[in-house]
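The values are calculated or read from the model by the stated rules, or taken from the named source; none is laboratory data. No experiment lies behind these values; they were computed from the predicted model shown. Neighbour counts are summed over all protein chains in view; Cβ atoms, including those assigned to glycine, are modelled from backbone coordinates with ideal geometry. Calculation scope for accessible area: heavy atoms of the full protein, side chains included, ligands and nucleic acids excluded. Shrake-Rupley method; radii C 1.70, N 1.55, O 1.52, S 1.80 Å.
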Amino acid sequence: MTRLSVNINKIATLRNSRGGNNPDLIQVAKDCERFGAQGITVHPRPDERHIRYQDVFDLKKIVTTEFNIEGNCQEQKFIELVLANKPEQVTLVPDILGQITSNHGWDTITNQQYLTDIIKVFKNAGIRVSIFVDPVDEMVEGAAKTGTDRIELYTEAYAHQYQHNKELAIAPYVKAAEVAKKLGLGINAGHDLDLQNLKYFSENIPGLDEVSIGHALISDALYYGLENTIQMYLRCLGLN
């Protein structure tokens, strides 16, 4: 079964644009769970332009499904935040300071020793670790050597090519997933997955554990409503 984790960064962006607490990030997280989401994802960044560090502490108190914190583990403040809250999962992303959105996976060969060391820090705290990777066999193989529990396949390339040739778009992801499963890695996926391309992706990726979706889902909710939108995404995953 593939789980749906809703990334609520965009709710925080909207809230922060006017100050105050409208929309209420905590209530939205509760509603997402009530409407069927099996996880809540946040990606705090150093400038706190959307998710604030205090939001993470507040969410930790109320999330009853799976709490997933994504971010740049090269920032000491991020490491301290994760260890202080001990989510079910931490997803390590190779962001740079000021990056608008994540746009590449880890080079798990060049950064293998660093990743091995930092993954131990989180796993010793009892936190499941996933690392962001591109659908490249060598990067998946490198990930397996770091001790990570899972990989998260970066799906922007798939989403971009899906409308032109979905078979060609999915091919490297299928191969990467097969390599991951042989190496004993769990498989997550995220970035630009939406109502058009999610069903095909989930049907063709063997052993897909979880998808994390934010921008598209929150955008769709403006048209369809949050409850209905979450149900639509669950149907794409065959969960409803």
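Listing for the model above:
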{"quantity": "Hits in region 220-240 (condition: open to solvent by 40 Å² or more (accessible area, probe 1.4 Å) and not hydrophobic (A, V, I, L, M, F, W, C))", "calculated": "Y223, Y224, E227, N228, Q231, R235, G238, N240"}
{"quantity": "Yes/no for K145 being at pLDDT 95 or above, basic (K, R), surrounded by fewer than 19 Cβ atoms within 10 Å (Cβ to Cβ) and in contact with a Gly (Cβ under 7 Å, 6 or more places away or on another chain)", "calculated": "no"}
{"quantity": "Subset of region 39-80 [of a type outside the set (G, A, S) and in contact with a Phe, Trp or Tyr (Cβ under 7 Å, 6 or more places away or on another chain)]", "calculated": "I40, P44, L59, K60, N72"}
{"quantity": "Contacts under 9 angstrom Cβ, first residue in region 220-231 being of a type in the set (G, A, S), partner open to solvent by less than 30 Å² (accessible area, probe 1.4 Å), 6 or more apart", "calculated": "A221/T229; A221/I230"}
{"quantity": "Every residue from region 92-142 that is at pLDDT 95 or above, surrounded by fewer than 16 Cβ atoms within 10 Å (Cβ to Cβ) and touching a strand residue (DSSP E or B) at 6+ places or on another chain (Cβ under 8 Å)", "calculated": "K123"}
{"quantity": "Pairs, first without any contact (Cβ under 8 Å) to a residue 40 or more places away in the chain in region 42-56, second hydroxyl-bearing (S, T, Y), C-beta under 7 Å, six or more apart", "calculated": "P44/Y53"}
{"quantity": "Residues that are of a type in the set (K, R) and over 19 Å from P87 (Cα atoms), drawn from region 35-56", "calculated": "R49"}
{"quantity": "Whichever residue in region 4-52 is part of a loop (DSSP other than H, G, I, E, B) and of a type in the set (A, V, I, L, M) and, among such residues, is surrounded by the fewest Cβ atoms within 10 Å (Cβ to Cβ)", "calculated": "A37"}
